[in-house]
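All remarks here apply to the structure that follows.
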Amino acid sequence: MDYESSSWIWEGVYYYPHLFGGLMVTAALLGLSTSYFGGIGVPSLLLPYSWSNLGIFHKKKNIGKRRVRVYMDGCFDLMHYGHANALRQAKALGDELVVGLVSDEEIVANKGPPVLSMDERLALVSGLKWVDEVITDAPYAITEKFLNRLFHEYNIDYVIHGDDPCLLPDGTDAYAAAKKAGRYKQIKRTEGVSSTDIVGRIMSSLEEQKIHEDRNGTDVRPQEDSQSKVSHISQFLPTSRRIVQFSNGKGPGPNARIVYIDGAFDLFHAGHVEVLKRARELGDFLLVGIHSDETVSENRGKHYPIMHLHERSLSVLACRYVDEVIIGAPWEITKDMITTFNISLVVHGTVAEKSLYSETDPYEVPKSMGIFRLLESPRDLTTSSVAQRIMANHEAYVKRNAKKAQSEKRYYEERKYVSGD
(Lines give C-alpha, C1' and ligand atoms only; values in the text may rest on other atoms or scores of the structure.)
Protein backbone atom coordinates (compact mmCIF):
# COMPACT_ATOMS: atom_id res chain seq x y z
CA MET A 1 0.00 0.00 0.00
CA ASP A 2 1.36 3.45 -0.88
CA TYR A 3 1.73 6.28 1.55
CA GLU A 4 -1.56 8.06 1.84
CA SER A 5 -0.99 11.49 0.34
CA SER A 6 1.33 13.45 2.66
CA SER A 7 -0.21 12.19 5.91
CA TRP A 8 3.09 10.55 6.90
CA ILE A 9 4.64 14.04 7.15
CA TRP A 10 2.03 15.34 9.59
CA GLU A 11 2.19 12.13 11.63
CA GLY A 12 5.95 12.66 11.86
CA VAL A 13 5.53 16.24 12.99
CA TYR A 14 3.01 15.18 15.64
CA TYR A 15 4.79 12.14 17.06
CA TYR A 16 8.45 13.14 16.54
CA PRO A 17 8.56 16.99 16.52
CA HIS A 18 12.19 17.38 17.63
CA LEU A 19 13.59 14.64 15.44
CA PHE A 20 11.51 15.76 12.48
CA GLY A 21 12.75 19.32 12.87
CA GLY A 22 16.36 18.17 13.12
CA LEU A 23 16.07 16.11 9.97
CA MET A 24 14.50 19.00 8.11
CA VAL A 25 17.34 21.32 9.12
CA THR A 26 19.94 18.72 8.20
CA ALA A 27 18.29 18.12 4.86
CA ALA A 28 18.23 21.85 4.18
CA LEU A 29 21.91 22.21 5.02
CA LEU A 30 22.88 19.26 2.86
CA GLY A 31 20.74 20.50 0.00
CA LEU A 32 22.26 23.99 0.10
CA SER A 33 25.83 22.84 0.52
CA THR A 34 28.08 22.84 -2.54
CA SER A 35 31.01 21.15 -0.84
CA TYR A 36 29.52 18.48 1.41
CA PHE A 37 30.44 15.03 0.11
CA GLY A 38 32.03 16.54 -2.95
CA GLY A 39 29.19 18.93 -3.64
CA ILE A 40 26.52 16.20 -3.85
CA GLY A 41 23.31 17.38 -2.21
CA VAL A 42 20.47 15.21 -1.04
CA PRO A 43 17.48 15.33 -3.37
CA SER A 44 14.38 16.13 -1.38
CA LEU A 45 12.37 13.53 -3.29
CA LEU A 46 14.50 10.76 -1.77
CA LEU A 47 13.98 11.83 1.83
CA PRO A 48 10.67 10.06 2.49
CA TYR A 49 12.19 6.77 1.27
CA SER A 50 15.30 7.25 3.45
CA TRP A 51 13.34 8.15 6.55
CA SER A 52 10.96 5.24 6.16
CA ASN A 53 13.99 2.93 6.06
CA LEU A 54 15.12 4.34 9.38
CA GLY A 55 11.94 2.98 10.89
CA ILE A 56 10.68 6.39 11.93
CA PHE A 57 7.60 6.37 9.72
CA HIS A 58 5.59 3.34 8.80
CA LYS A 59 2.96 2.53 6.23
CA LYS A 60 -0.54 2.42 7.55
CA LYS A 61 -1.61 -1.14 8.17
CA ASN A 62 -5.18 -2.36 8.21
CA ILE A 63 -4.59 -4.29 11.43
CA GLY A 64 -7.73 -6.14 12.39
CA LYS A 65 -9.65 -4.82 9.39
CA ARG A 66 -11.61 -7.49 7.55
CA ARG A 67 -10.77 -7.89 3.88
CA VAL A 68 -13.47 -6.78 1.49
CA ARG A 69 -14.84 -9.70 -0.52
CA VAL A 70 -16.64 -9.06 -3.78
CA TYR A 71 -18.67 -11.43 -5.92
CA MET A 72 -19.12 -11.53 -9.66
CA ASP A 73 -20.93 -14.25 -11.56
CA GLY A 74 -21.35 -15.26 -15.15
CA CYS A 75 -21.44 -18.07 -17.69
CA PHE A 76 -17.93 -17.23 -18.92
CA ASP A 77 -18.58 -19.25 -22.04
CA LEU A 78 -16.02 -18.64 -24.79
CA MET A 79 -13.77 -16.76 -22.37
CA HIS A 80 -12.37 -13.57 -23.89
CA TYR A 81 -10.48 -10.47 -22.80
CA GLY A 82 -13.78 -8.69 -22.04
CA HIS A 83 -14.52 -11.27 -19.34
CA ALA A 84 -10.98 -10.93 -18.03
CA ASN A 85 -11.22 -7.14 -17.91
CA ALA A 86 -14.55 -7.33 -16.06
CA LEU A 87 -13.01 -9.56 -13.41
CA ARG A 88 -9.97 -7.27 -13.20
CA GLN A 89 -12.26 -4.31 -12.52
CA ALA A 90 -14.28 -6.31 -9.99
CA LYS A 91 -11.13 -7.30 -8.07
CA ALA A 92 -10.15 -3.60 -7.89
CA LEU A 93 -13.35 -2.92 -5.89
CA GLY A 94 -12.29 -5.24 -3.08
CA ASP A 95 -9.48 -7.34 -1.68
CA GLU A 96 -10.70 -10.81 -2.64
CA LEU A 97 -12.71 -11.80 -5.71
CA VAL A 98 -15.14 -14.72 -5.57
CA VAL A 99 -16.53 -15.79 -8.93
CA GLY A 100 -19.84 -17.57 -9.36
CA LEU A 101 -19.86 -19.95 -12.32
CA VAL A 102 -23.37 -20.49 -13.67
CA SER A 103 -24.23 -24.17 -14.14
CA ASP A 104 -24.74 -25.79 -17.54
CA GLU A 105 -28.41 -26.44 -16.70
CA GLU A 106 -29.04 -22.79 -15.80
CA ILE A 107 -27.37 -21.60 -19.01
CA VAL A 108 -29.53 -23.94 -21.10
CA ALA A 109 -32.69 -22.72 -19.35
CA ASN A 110 -31.89 -19.01 -19.67
CA LYS A 111 -29.73 -18.62 -22.79
CA GLY A 112 -29.37 -21.82 -24.73
CA PRO A 113 -26.65 -24.49 -24.89
CA PRO A 114 -23.18 -23.46 -23.67
CA VAL A 115 -20.19 -23.99 -25.94
CA LEU A 116 -17.86 -25.08 -23.14
CA SER A 117 -18.60 -27.55 -20.36
CA MET A 118 -18.56 -26.60 -16.68
CA ASP A 119 -15.17 -28.30 -16.27
CA GLU A 120 -13.70 -26.31 -19.16
CA ARG A 121 -15.16 -23.02 -17.96
CA LEU A 122 -13.89 -23.71 -14.45
CA ALA A 123 -10.34 -24.21 -15.75
CA LEU A 124 -10.53 -20.89 -17.62
CA VAL A 125 -11.92 -18.85 -14.72
CA SER A 126 -9.61 -20.41 -12.11
CA GLY A 127 -6.66 -19.64 -14.39
CA LEU A 128 -7.24 -15.88 -14.29
CA LYS A 129 -4.80 -13.90 -12.17
CA TRP A 130 -7.50 -11.83 -10.42
CA VAL A 131 -9.69 -14.72 -9.22
CA ASP A 132 -9.30 -15.90 -5.61
CA GLU A 133 -12.19 -18.36 -5.29
CA VAL A 134 -14.82 -19.96 -7.52
CA ILE A 135 -18.35 -21.07 -6.62
CA THR A 136 -19.55 -23.69 -9.10
CA ASP A 137 -23.19 -24.19 -10.03
CA ALA A 138 -24.16 -20.59 -9.27
CA PRO A 139 -27.73 -19.61 -10.23
CA TYR A 140 -28.37 -17.39 -13.24
CA ALA A 141 -30.57 -15.08 -11.14
CA ILE A 142 -29.41 -13.88 -7.73
CA THR A 143 -32.43 -14.61 -5.55
CA GLU A 144 -32.79 -13.33 -1.98
CA LYS A 145 -32.08 -16.87 -0.76
CA PHE A 146 -28.81 -17.10 -2.70
CA LEU A 147 -27.95 -13.53 -1.72
CA ASN A 148 -28.21 -14.45 1.96
CA ARG A 149 -25.99 -17.43 1.30
CA LEU A 150 -23.39 -15.13 -0.28
CA PHE A 151 -23.53 -12.74 2.68
CA HIS A 152 -23.41 -15.31 5.46
CA GLU A 153 -21.64 -18.37 4.04
CA TYR A 154 -19.12 -16.64 1.78
CA ASN A 155 -18.88 -13.29 3.63
CA ILE A 156 -19.50 -11.32 0.44
CA ASP A 157 -19.67 -7.55 0.83
CA TYR A 158 -20.72 -6.54 -2.68
CA VAL A 159 -22.14 -8.11 -5.81
CA ILE A 160 -20.55 -6.77 -9.00
CA HIS A 161 -21.84 -6.67 -12.55
CA GLY A 162 -21.22 -4.71 -15.74
CA ASP A 163 -23.33 -1.81 -16.95
CA ASP A 164 -24.84 -3.98 -19.70
CA PRO A 165 -28.25 -5.56 -19.01
CA CYS A 166 -28.55 -9.08 -17.61
CA LEU A 167 -32.16 -10.09 -18.11
CA LEU A 168 -34.10 -13.19 -17.14
CA PRO A 169 -36.41 -14.87 -19.68
CA ASP A 170 -39.34 -12.84 -18.29
CA GLY A 171 -37.43 -9.59 -18.92
CA THR A 172 -36.69 -8.77 -15.26
CA ASP A 173 -33.30 -7.71 -13.91
CA ALA A 174 -31.22 -10.68 -12.66
CA TYR A 175 -29.57 -8.42 -10.05
CA ALA A 176 -32.70 -6.77 -8.65
CA ALA A 177 -32.33 -8.42 -5.21
CA ALA A 178 -28.71 -7.29 -4.80
CA LYS A 179 -29.63 -3.74 -5.81
CA LYS A 180 -32.53 -3.72 -3.37
CA ALA A 181 -30.20 -4.82 -0.56
CA GLY A 182 -27.83 -1.94 -1.32
CA ARG A 183 -24.94 -4.36 -1.90
CA TYR A 184 -24.53 -3.91 -5.65
CA LYS A 185 -21.68 -2.21 -7.51
CA GLN A 186 -21.34 -1.67 -11.23
CA ILE A 187 -18.33 -1.74 -13.53
CA LYS A 188 -17.89 -0.56 -17.08
CA ARG A 189 -18.44 -3.09 -19.81
CA THR A 190 -15.49 -3.70 -22.14
CA GLU A 191 -16.50 -2.49 -25.59
CA GLY A 192 -15.69 -4.28 -28.83
CA VAL A 193 -16.22 -7.91 -27.85
CA SER A 194 -18.86 -10.31 -26.58
CA SER A 195 -19.53 -14.03 -26.69
CA THR A 196 -22.32 -13.32 -29.16
CA ASP A 197 -19.86 -11.48 -31.41
CA ILE A 198 -17.35 -14.34 -31.22
CA VAL A 199 -19.98 -16.95 -32.11
CA GLY A 200 -20.79 -14.81 -35.14
CA ARG A 201 -17.13 -14.62 -36.13
CA ILE A 202 -16.74 -18.39 -35.84
CA MET A 203 -19.79 -19.15 -37.95
CA SER A 204 -18.75 -16.62 -40.57
CA SER A 205 -15.19 -17.97 -40.66
CA LEU A 206 -16.13 -21.64 -40.95
CA GLU A 207 -18.80 -20.97 -43.55
CA GLU A 208 -16.14 -19.12 -45.54
CA GLN A 209 -13.80 -22.10 -45.16
CA LYS A 210 -16.49 -24.51 -46.39
CA ILE A 211 -17.12 -22.38 -49.49
CA HIS A 212 -13.42 -22.47 -50.38
CA GLU A 213 -13.19 -26.23 -49.82
CA ASP A 214 -16.30 -26.90 -51.89
CA ARG A 215 -14.92 -24.74 -54.69
CA ASN A 216 -11.36 -26.06 -54.75
CA GLY A 217 -11.41 -29.36 -52.92
CA THR A 218 -8.67 -28.09 -50.58
CA ASP A 219 -7.96 -24.99 -48.57
CA VAL A 220 -6.48 -22.05 -50.46
CA ARG A 221 -3.16 -20.39 -49.73
CA PRO A 222 -3.78 -16.72 -48.87
CA GLN A 223 -1.25 -15.54 -51.47
CA GLU A 224 -2.96 -17.62 -54.19
CA ASP A 225 -6.39 -16.08 -53.72
CA SER A 226 -6.48 -12.35 -54.35
CA GLN A 227 -10.13 -12.27 -53.28
CA SER A 228 -9.41 -13.76 -49.84
CA LYS A 229 -10.60 -11.33 -47.22
CA VAL A 230 -11.29 -12.01 -43.58
CA SER A 231 -14.97 -11.23 -43.21
CA HIS A 232 -15.06 -10.88 -39.43
CA ILE A 233 -13.76 -7.54 -38.23
CA SER A 234 -12.77 -6.83 -34.63
CA GLN A 235 -14.03 -3.65 -33.00
CA PHE A 236 -11.27 -3.79 -30.38
CA LEU A 237 -9.09 -0.70 -30.10
CA PRO A 238 -5.93 -1.67 -28.20
CA THR A 239 -4.17 0.82 -25.94
CA SER A 240 -0.89 0.61 -24.06
CA ARG A 241 -2.81 1.33 -20.84
CA ARG A 242 -4.93 -1.80 -21.23
CA ILE A 243 -1.85 -3.94 -21.86
CA VAL A 244 -0.21 -2.52 -18.72
CA GLN A 245 -3.36 -3.27 -16.70
CA PHE A 246 -3.16 -6.93 -17.74
CA SER A 247 0.59 -7.27 -17.35
CA ASN A 248 2.42 -8.42 -14.21
CA GLY A 249 4.90 -5.61 -14.70
CA LYS A 250 7.75 -7.81 -13.47
CA GLY A 251 10.80 -9.05 -15.31
CA PRO A 252 12.78 -12.22 -14.66
CA GLY A 253 15.39 -12.31 -11.91
CA PRO A 254 19.13 -12.37 -12.76
CA ASN A 255 19.38 -16.16 -12.56
CA ALA A 256 15.82 -17.03 -13.55
CA ARG A 257 15.11 -20.10 -15.64
CA ILE A 258 13.05 -18.67 -18.51
CA VAL A 259 10.67 -21.02 -20.29
CA TYR A 260 9.32 -20.08 -23.73
CA ILE A 261 6.19 -21.39 -25.43
CA ASP A 262 4.56 -19.98 -28.56
CA GLY A 263 1.37 -20.33 -30.52
CA ALA A 264 -1.72 -18.59 -31.85
CA PHE A 265 -3.73 -19.05 -28.63
CA ASP A 266 -6.88 -18.39 -30.63
CA LEU A 267 -10.25 -18.71 -28.84
CA PHE A 268 -8.33 -19.03 -25.56
CA HIS A 269 -9.57 -22.25 -23.95
CA ALA A 270 -8.96 -24.70 -21.10
CA GLY A 271 -6.35 -26.61 -23.10
CA HIS A 272 -4.29 -23.43 -23.38
CA VAL A 273 -4.56 -22.70 -19.66
CA GLU A 274 -3.44 -26.13 -18.57
CA VAL A 275 -0.49 -26.41 -20.96
CA LEU A 276 0.65 -22.93 -19.82
CA LYS A 277 0.43 -24.11 -16.22
CA ARG A 278 2.66 -27.11 -17.00
CA ALA A 279 5.10 -24.91 -18.89
CA ARG A 280 5.35 -22.48 -15.96
CA GLU A 281 6.15 -25.34 -13.57
CA LEU A 282 9.33 -26.05 -15.57
CA GLY A 283 10.97 -22.73 -14.70
CA ASP A 284 10.86 -19.43 -12.85
CA PHE A 285 9.49 -17.19 -15.61
CA LEU A 286 7.11 -18.04 -18.45
CA LEU A 287 7.50 -16.08 -21.69
CA VAL A 288 4.75 -16.66 -24.26
CA GLY A 289 5.09 -15.85 -27.95
CA ILE A 290 1.83 -14.82 -29.67
CA HIS A 291 1.97 -15.23 -33.44
CA SER A 292 0.77 -12.35 -35.59
CA ASP A 293 -2.49 -12.57 -37.56
CA GLU A 294 -0.52 -12.84 -40.81
CA THR A 295 1.64 -15.66 -39.46
CA VAL A 296 -1.40 -17.60 -38.23
CA SER A 297 -3.18 -17.16 -41.58
CA GLU A 298 -0.12 -18.25 -43.55
CA ASN A 299 0.34 -21.41 -41.53
CA ARG A 300 -3.18 -22.38 -40.45
CA GLY A 301 -5.37 -21.11 -43.29
CA LYS A 302 -6.98 -17.79 -44.22
CA HIS A 303 -10.05 -18.38 -42.03
CA TYR A 304 -7.81 -18.11 -38.95
CA PRO A 305 -7.34 -16.46 -36.53
CA ILE A 306 -10.83 -15.90 -35.13
CA MET A 307 -9.51 -13.45 -32.53
CA HIS A 308 -7.03 -10.79 -33.54
CA LEU A 309 -3.47 -10.36 -32.27
CA HIS A 310 -4.09 -7.91 -29.44
CA GLU A 311 -7.24 -9.72 -28.34
CA ARG A 312 -5.30 -12.97 -28.12
CA SER A 313 -2.40 -11.26 -26.33
CA LEU A 314 -4.67 -9.89 -23.60
CA SER A 315 -6.30 -13.30 -23.07
CA VAL A 316 -2.87 -14.87 -22.56
CA LEU A 317 -1.65 -12.02 -20.32
CA ALA A 318 -4.69 -12.49 -18.09
CA CYS A 319 -3.58 -16.05 -17.30
CA ARG A 320 -2.02 -16.35 -13.86
CA TYR A 321 0.75 -18.67 -15.13
CA VAL A 322 2.07 -16.18 -17.70
CA ASP A 323 4.74 -13.63 -16.82
CA GLU A 324 5.26 -11.89 -20.16
CA VAL A 325 4.27 -12.11 -23.82
CA ILE A 326 5.91 -11.30 -27.13
CA ILE A 327 3.22 -9.68 -29.25
CA GLY A 328 3.72 -10.82 -32.84
CA ALA A 329 6.33 -13.50 -32.17
CA PRO A 330 8.10 -15.07 -35.18
CA TRP A 331 7.12 -18.52 -36.45
CA GLU A 332 10.68 -19.83 -36.31
CA ILE A 333 12.71 -19.53 -33.11
CA THR A 334 16.20 -18.25 -33.87
CA LYS A 335 19.39 -18.40 -31.85
CA ASP A 336 19.41 -14.59 -31.67
CA MET A 337 15.94 -14.66 -30.11
CA ILE A 338 17.01 -17.27 -27.56
CA THR A 339 20.04 -15.16 -26.62
CA THR A 340 18.12 -11.88 -26.50
CA PHE A 341 15.49 -13.20 -24.11
CA ASN A 342 17.88 -15.47 -22.21
CA ILE A 343 15.61 -18.48 -22.85
CA SER A 344 16.59 -21.63 -20.97
CA LEU A 345 13.93 -23.98 -22.32
CA VAL A 346 11.56 -24.00 -25.30
CA VAL A 347 8.45 -26.14 -25.00
CA HIS A 348 5.55 -27.07 -27.27
CA GLY A 349 2.35 -28.97 -26.49
CA THR A 350 1.53 -32.34 -28.02
CA VAL A 351 -1.97 -31.13 -28.97
CA ALA A 352 -1.97 -28.21 -31.39
CA GLU A 353 -3.37 -27.06 -34.72
CA LYS A 354 -1.45 -28.51 -37.65
CA SER A 355 0.46 -26.25 -39.99
CA LEU A 356 -0.83 -26.42 -43.55
CA TYR A 357 2.06 -24.92 -45.45
CA SER A 358 5.20 -24.69 -43.30
CA GLU A 359 8.01 -26.74 -44.83
CA THR A 360 10.55 -26.05 -42.09
CA ASP A 361 10.59 -27.03 -38.42
CA PRO A 362 10.13 -23.83 -36.36
CA TYR A 363 11.89 -25.52 -33.41
CA GLU A 364 14.97 -26.68 -35.32
CA VAL A 365 17.34 -24.28 -33.52
CA PRO A 366 16.30 -25.01 -29.91
CA LYS A 367 16.33 -28.73 -30.75
CA SER A 368 19.91 -28.46 -32.04
CA MET A 369 20.86 -26.62 -28.84
CA GLY A 370 19.32 -29.32 -26.67
CA ILE A 371 16.85 -26.94 -25.00
CA PHE A 372 13.60 -28.12 -26.60
CA ARG A 373 11.01 -30.24 -24.83
CA LEU A 374 7.69 -31.64 -26.04
CA LEU A 375 5.09 -31.05 -23.34
CA GLU A 376 2.21 -33.47 -22.90
CA SER A 377 -1.02 -31.49 -23.36
CA PRO A 378 -3.52 -32.20 -20.55
CA ARG A 379 -6.56 -31.85 -22.84
CA ASP A 380 -7.38 -32.96 -26.36
CA LEU A 381 -8.83 -29.54 -27.17
CA THR A 382 -8.03 -27.13 -30.01
CA THR A 383 -9.41 -23.92 -31.47
CA SER A 384 -10.84 -25.91 -34.37
CA SER A 385 -12.64 -28.39 -32.11
CA VAL A 386 -14.22 -25.53 -30.14
CA ALA A 387 -15.29 -23.86 -33.41
CA GLN A 388 -16.77 -27.14 -34.64
CA ARG A 389 -19.00 -27.29 -31.56
CA ILE A 390 -20.50 -23.99 -32.65
CA MET A 391 -21.18 -25.27 -36.15
CA ALA A 392 -22.65 -28.55 -34.83
CA ASN A 393 -25.26 -26.50 -32.95
CA HIS A 394 -25.55 -23.79 -35.59
CA GLU A 395 -29.30 -23.27 -35.38
CA ALA A 396 -29.36 -23.19 -31.59
CA TYR A 397 -26.65 -20.51 -31.44
CA VAL A 398 -28.33 -18.42 -34.15
CA LYS A 399 -31.55 -18.44 -32.11
CA ARG A 400 -29.61 -17.73 -28.91
CA ASN A 401 -27.86 -14.72 -30.45
CA ALA A 402 -31.09 -13.35 -31.94
CA LYS A 403 -32.94 -13.79 -28.64
CA LYS A 404 -30.25 -11.98 -26.69
CA ALA A 405 -30.06 -9.13 -29.19
CA GLN A 406 -33.85 -8.70 -29.07
CA SER A 407 -34.03 -8.64 -25.26
CA GLU A 408 -31.18 -6.13 -25.03
CA LYS A 409 -32.84 -3.89 -27.63
CA ARG A 410 -36.10 -3.96 -25.67
CA TYR A 411 -34.25 -3.19 -22.43
CA TYR A 412 -32.50 -0.13 -23.86
CA GLU A 413 -35.71 1.14 -25.45
CA GLU A 414 -37.57 0.90 -22.14
CA ARG A 415 -34.72 2.63 -20.30
CA LYS A 416 -34.69 5.40 -22.89
CA TYR A 417 -38.44 5.83 -22.51
CA VAL A 418 -38.22 6.05 -18.71
CA SER A 419 -35.36 8.57 -18.80
CA GLY A 420 -37.24 10.67 -21.33
CA ASP A 421 -34.33 10.86 -23.79
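The residue pairs whose first member lies in region 275-290 and is within 11 Å of ILE343 (Cβ to Cβ), whose second member is hydroxyl-bearing (Ser, Thr, Tyr) and assigned to a strand (DSSP E or B), and whose beta carbons are closer than 7 Å, counting only pairs six or more residues apart or on different chains, are GLY283/SER344; LEU287/TYR260; GLY289/TYR260.
Remark: ASN342 falls outside the filter, which requires a residue to be in contact with a Phe, Trp or Tyr (Cβ under 7 Å, 6 or more places away or on another chain), touching a residue at least 40 places away in the same chain (Cβ under 8 Å) and of a type outside the set (Gly, Ala, Ser). Among the residues of region 79-133, write down those that are in a strand (DSSP E or B) and either out of contact with any strand residue (DSSP E or B) (no Cβ under 9 Å at 6 or more places or on another chain) or closer than 14 Å to ALA270 by Cβ (or both). Residues satisfying the conditions are LEU101, LEU128. For region 345-369, the candidate set comprises residues that are over 23 Å from SER384 (Cα atoms) and within 26 Å of the chain's Cα centre (by Cα); within that set, the residue that is surrounded by the most Cβ atoms within 10 Å (Cβ to Cβ) is VAL346. Of all the listed residues (LEU314, LEU282, LEU356, LEU276), the sole one being of a type in the set (A, V, I, L, M) and touching a Gly at 6+ places or on another chain (Cβ under 6 Å) is LEU356. Filtered by the rule that a residue be among the acidic types (Asp, Glu) and within 30 Å of THR239 (Cα to Cα), region 148-196 gives ASP163, ASP164, GLU191. Quick check on region 121-128. Is at least one of its residues touching a Lys or Arg at 6+ places or on another chain (Cβ under 8 Å) and within 14 Å of LEU87 (Cβ to Cβ)? Yes, region 121-128 contains at least one residue that is touching a Lys or Arg at 6+ places or on another chain (Cβ under 8 Å) and within 14 Å of LEU87 (Cβ to Cβ). Among the conditions (1) touching a residue at least 60 places away in the same chain (Cβ under 8 Å); (2) crowded, with 18+ Cβ neighbours inside 10 Å, ARG312 misses just one, which is (1). When region 156-178 is limited to residues that are closer than 19 Å to LEU97 by Cα, at pLDDT 85 or above and not aromatic (Phe, Trp, Tyr), the one that is farthest from the chain's Cα centre (by Cα) turns out to be ALA178.
Applying the selection to region 140-163, what residues are surrounded by fewer than 18 Cβ atoms within 10 Å (Cβ to Cβ) and assigned to a loop (DSSP other than H, G, I, E, B)? If the condition is that a residue be surrounded by fewer than 18 Cβ atoms within 10 Å (Cβ to Cβ) and assigned to a loop (DSSP other than H, G, I, E, B), then THR143, GLU153, TYR154, ASN155, ASP163 are the ones that fit. Being at pLDDT below 80 and of a type in the set (S, T, N, Q): is that true of GLN186 here? No.
The values are calculated or read from the model by the stated rules, or taken from the named source; none is laboratory data. Computed from a predicted structure; not experimentally measured. Every residue, glycine as well, gets a Cβ built from its backbone with ideal geometry; the counts of neighbours run over all protein chains shown.
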